[in-house]
1. Please work out if residue 73 is under 23 Å from residue 230 (Cβ atoms), in a helix (DSSP H, G or I) and out of contact with any helix residue (DSSP H, G or I) (no Cβ under 7 Å at 6 or more places or on another chain).
2. Pick from region 5-17 the residues that are surrounded by 23 or more Cβ atoms within 10 Å (Cβ to Cβ) and touching a strand residue (DSSP E or B) at 6+ places or on another chain (Cβ under 6 Å): which of them is nearest to residue 116 (Cα to Cα)?
3. If only one of 98, 46 is crowded, with 16+ Cβ neighbours inside 10 Å, over 13 Å from residue 10 (Cβ atoms) and more than 15 Å from the ligand (Cβ to nearest atom), which one is it?
4. Got a number for residues in region 170-210 being touching a helix residue (DSSP H, G or I) at 6+ places or on another chain (Cβ under 7 Å) and in a loop (DSSP other than H, G, I, E, B)?
5. Just wondering, is there one or more residues in region 202-212 that are over 21 Å from the mean Cα position of the chain (by Cα) and on the phi > 0 side of the Ramachandran plot?
6. Count, please, the residues in region 40-70 that happen to be part of a loop (DSSP other than H, G, I, E, B) and touching a strand residue (DSSP E or B) at 6+ places or on another chain (Cβ under 8 Å).
7. Output the residues belonging to region 179-208 that are under 18 Å from residue 252 (Cβ atoms) and within 11 Å of the ligand (Cβ to nearest atom).
8. Restricting to region 233-254, name every residue that is in contact with a strand residue (DSSP E or B) (Cβ under 8 Å, 6 or more places away or on another chain), under 19 Å from residue 169 (Cβ atoms) and assigned to a loop (DSSP other than H, G, I, E, B).
Ligand SMILES: NC(=O)c1ccc[n+]([C@@H]2O[C@H](COP(=O)([O-])OP(=O)(O)OC[C@H]3O[C@@H](n4cnc5c(N)ncnc54)[C@H](O)[C@@H]3O)[C@@H](O)[C@H]2O)c1
């Protein structure tokens, strides 16, 4: 079960955190993995890990917010069966704490970046008779999280984008779903704690862990396992759905 043998998968942001775990697991299951990364060194590390385990992976240094760069990567990569729109960036702030530049930055990566990869992937998937897309949303698209104005907006857009694509490409045998993680312990989390809560890192880490009723943050490998299922042939009946993976965050926080 859950074999990705003979599949080619593009994973954005595969150099770190959740994207890295997805890249490693998909390669382990037999996929040829194509990583689109801003950070070439990070991508190289993931590729080294994959190749060390006998897998196959290629890295492309590109900024997903730049359409030309993304189109160029897909041209180089060739046939693609799976797209995981994972790369994303954070911003902490309520509406008044969000400048126009902050909003544009979040929009350009989290929304336009996902659109750019979809725009590049769909024609090839149609021509090949189908494909699978998985977009990384967040529990911030489900519930109001304090001080996450721009980030929540962007993840709501990712969730709605997934529904639109799922609907429009049903007849093309393209499935499209999203995952909504609560806090997952990755460099993304460490980075925004360090940037926004300097000197209070341990206290905030503890608080963020406890905000999941299960009492801890998720692990990138746990998100990767759900991603594998949704991108495998075993999930052939699933499209147009969002899957929270949240330690009870959405339904049990009362
Ligand atoms: N970690 C969490 O708690 C959490 C929770 C919910 C959702 N998410 C989402 O999961 C995804 C991955 O998060 P993570 O925690 O693994 O992040 P991370 O910061 O550890 O990794 C993200 C990777 O994306 C790359 N990237 C960023 N901007 C890019 C760009 N413009 N072009 C190409 N690559 C780019 C970075 O270089 C980095 O390697 C994000 O979309 C994030 O919003 C994370």
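1. Against the criterion (under 23 Å from residue 230 (Cβ atoms), in a helix (DSSP H, G or I) and out of contact with any helix residue (DSSP H, G or I) (no Cβ under 7 Å at 6 or more places or on another chain)), residue 73 qualifies.
2. 12
3. Numbers: 46 fails: more than 15 Å from the ligand (Cβ to nearest atom).
Result: 98 is the single residue among 98, 46 that is crowded, with 16+ Cβ neighbours inside 10 Å, over 13 Å from residue 10 (Cβ atoms) and more than 15 Å from the ligand (Cβ to nearest atom).
4. Residues flagged as touching a helix residue (DSSP H, G or I) at 6+ places or on another chain (Cβ under 7 Å) and in a loop (DSSP other than H, G, I, E, B) within region 170-210 amount to 4.
5. Here is the first cut: in region 202-212, the residues over 21 Å from the mean Cα position of the chain (by Cα) are 202-207, 210-211.
From the residues that got through so far, the ones that are on the phi > 0 side of the Ramachandran plot too are none.
No: region 202-212 contains no residue that is over 21 Å from the mean Cα position of the chain (by Cα) and on the phi > 0 side of the Ramachandran plot.
6. Total meeting the criteria: 3.
7. Of the residues in region 179-208, the ones under 18 Å from residue 252 (Cβ atoms) are 180-184, 207-208.
Matches in region 179-208: 180, 181, 182, 183, 184, 208.
8. 236, 238, 239, 240, 241
Throughout, read-outs are computed from the coordinates displayed, never taken from laboratory work. Worth saying up front: this structure is predicted, and the values here are computed from it rather than measured. A quick note on method: Cβ atoms are made from the backbone with ideal geometry, for glycine too, and the neighbour counts reach across all protein chains shown.
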